[in-house]
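The values are calculated or read from the model by the stated rules, or taken from the named source; none is laboratory data. Note that this is a predicted model, so its numbers are computed, not measured. All Cβ positions, even for glycine, are placed from backbone atoms using ideal geometry, and neighbour counts span all protein chains on display. Keep in mind that these areas ignore ligands, DNA and RNA; they rest on the heavy atoms of the full protein, side chains included. Shrake-Rupley method; radii C 1.70, N 1.55, O 1.52, S 1.80 Å.
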Amino acid sequence: MADKKILLSGVKPTGRPHIGNYFGAMKRFVEMQGSYESYVFIADSHALTSLQNKQELKSNTLGVLLDYMAIGLNPQKVTLYKQSDVPQVTELTWIFNCLTTVPYLMRAHAYKDAVANGKEPTVGLFDYPLLMAADILIQGADVVPVGQDQKQHVEIARDTAQKFNNVFGGTFKLPESIILESVATVPGTDGRKMSKSYGNTIPIFATDEEIEKAVMSIVTDSSSGIPENVYAIHTLLREKGDLDKLYAEKKGQYKELKEALIEDLKKFIGPMREKRQALEKDKGVVLEVLKAGGQVARERAEKKMEEVREKIGLKIS
Ligand code: ADP
Ligand code: TRP
């Protein structure tokens, strides 16, 4: 039997994951876990670019692990780990730093956005794409399921692999992003991209009250009889034909349509929330998963780094 291809992806522990993260990326990790050799991690080192609070980082990190397990990632099938348990990733980032020019990285969207918003970017934010390239390349990923906003970062990882291979000889595979068009950018309650940083999210593990509050706050425009922002979120949960029928029947009845969305969200979120609550009680088991996954990921990374150190002349023997 041919070896399975390698899947790798991660989520930053910067707050509560939302249905944009779920439908845009995390759901795919679950669907693909059996068909790929999978590595899914918590990007805690990346989170340091925006989160500098010890307690919050620790509890968010554990939180993302619980989220992964509650949505159905099975530690028997997927290596689950946290990025900082693989220090070889930061070692490789330095090597990539020395192969990459400043003007090239200045074209990255996240950096350009930060500058456009009047922020003074840290060196860490500037270097963010190369840390991500190291995550991906050190594990030899073939595919990287992400939302649209991460597409450029995966392209930077490909470029970086090519650059390294040209200078030092074939070492890294060229990864590809997997982006589902229909959910590439899930809109938030205000119609902009759903994002932790915009305060427009519906958390995947929201309580019933939070679901009600979030849906009632969805901004609607009254011209067409169809509340576009409500409909856009609703498409995540129902077949199009079924949904169009509902929106035709209840044309102009925004309150009823929002109530229908609330019911569907409750049905979808409820069981996952219960599973998460059960896992939360078993912290020992969860920590064990993290420890075992970290060891697997670190050993693989160390093997790759041995090759890299040898190729670039850092190893004297
Ligand atoms: P956020 O932008 O909310 O801080 P992250 O950066 O942690 O989220 O993203 C984790 C994953 O979720 C990435 O693959 C990202 O592309 C995806 N993602 C984030 N927001 C959305 C969205 N609104 N629609 C689709 N995918 C998204
Ligand atoms: N930058 C990604 C995000 O903001 C998280 C991430 C870090 C990642 N390293 C990765 C995603 C490697 C995929 C592969 O969502």
Handout entry: Mean Cα-pair separation over length for the chain, i.e. relative contact order, pairs under 8 Å, 6 or more apart, %
Key = 23 percent
Fill in the blank from the handout: Once phi for every residue in region 277-294 is put through the Karplus expression 6.51 cos²θ - 1.76 cosθ + 1.60 (θ = phi - 60°), the whole-Hz ³J(HN,Hα) values, with Gly and Pro written as x, are 4, 5, 5, 4, 6, 10, 4, x, 5, 5, 5, 5, 4, 5, 5, 5, x, x
Handout entry: More than 18 Å apart - percent of Cα-Cα pairs taken over region 1-100
Key = 51 percent
Handout entry: Whole-Hz ³J(HN,Hα) from phi, Karplus 6.51 cos²θ - 1.76 cosθ + 1.60, for region 31-45, glycine and proline x
Key = 5, 9, 4, x, 8, 10, 7, 10, 10, 10, 10, 9, 7, 6, 5
Completion exercise
Counting sequence-distant residues (5 or more places) and residues on other chains, those with an amide H built under 5 Å from that of residue 38 are 7, 79
Exercise for the section: Please give the peptides 232-243, 55-66 ranked by average Cβ packing (other Cβ atoms within 10 Å per residue), highest first, as a rough proxy for protection. Expected result: 55-66, 232-243
Exercise for the section: For every helix of n ≥ 4 consecutive DSSP H residues, a contribution of -39,500 (n - 2.57) applies; sum these over the chain, divide by its total residues, and give [θ] at 222 nm rounded to the nearest 500 deg cm²/dmol. Expected result: -16500 deg cm²/dmol
Practice task
Report, in degrees rounded to the nearest 10, the 0 to 90 angle that the Cα long axis of helix 151-168 makes with the longest principal axis of the chain.
Solution key: 10 degrees
Practice task
Can you send over the carbon and sulfur percentage of the accessible area for the chain, probe radius 1.4 Å, protein chains only?
Solution key: 52 percent
Exercise for the section: Return the subset of 12/304; 250/275; 112/275; 4/54; 82/163 for which the Cα-Cα distance in this structure is over 29 Å, preserving the input order. Expected result: 250/275; 112/275; 4/54
Completion exercise
Taking only the alpha-carbon positions of region 196-277 as identical scatterers, the Debye log10 I(q)/I(0) at q = 0.11 Å⁻¹ comes out as -0.29
Handout entry: Relative contact order, percent, region 196-277 [alpha-carbon distance under 8 Å, six or more residues apart]
Key = 36 percent
Fill in the blank from the handout: Given 76-88, 294-306, the highest-first ranking by average Cβ count within 10 Å works out to 76-88, 294-306
Handout entry: Cα-based convex hull, region 139-266, per residue volume (Å³, whole number)
Key = 131 Å³
Exercise for the section: With a 1.4 Å probe and every protein chain left in place, tell me how much accessible area residue 126 has, in Å² to the nearest 10. Expected result: 40 Å²
Practice task
Express in whole angstrom the spacing between the alpha-carbon centres of region 105-152 and region 157-210.
Solution key: 10 Å
Practice task
Measure nothing fancy, just the Cα-based angle from helix 88-97's long axis to the longest principal axis of the chain, in degrees from 0 to 90, nearest 10.
Solution key: 80 degrees
Exercise for the section: Compute the length gained on full extension between residue 248 and residue 176: take 0.36 nm times their separation in residues and subtract their Cα-Cα distance, giving the result in nm to one decimal. Expected result: 21.9 nm
Exercise for the section: Evaluate 2.2 N^0.38 Å with N set to the residue count of region 91-179, then give the Cα radius of gyration divided by it. Expected result: 1.07
Problem - Cα point-scatterer Debye curve for the chain, base-10 log of I(q)/I(0) at q = 0.08, 0.10 Å⁻¹ - result: -0.40, -0.62
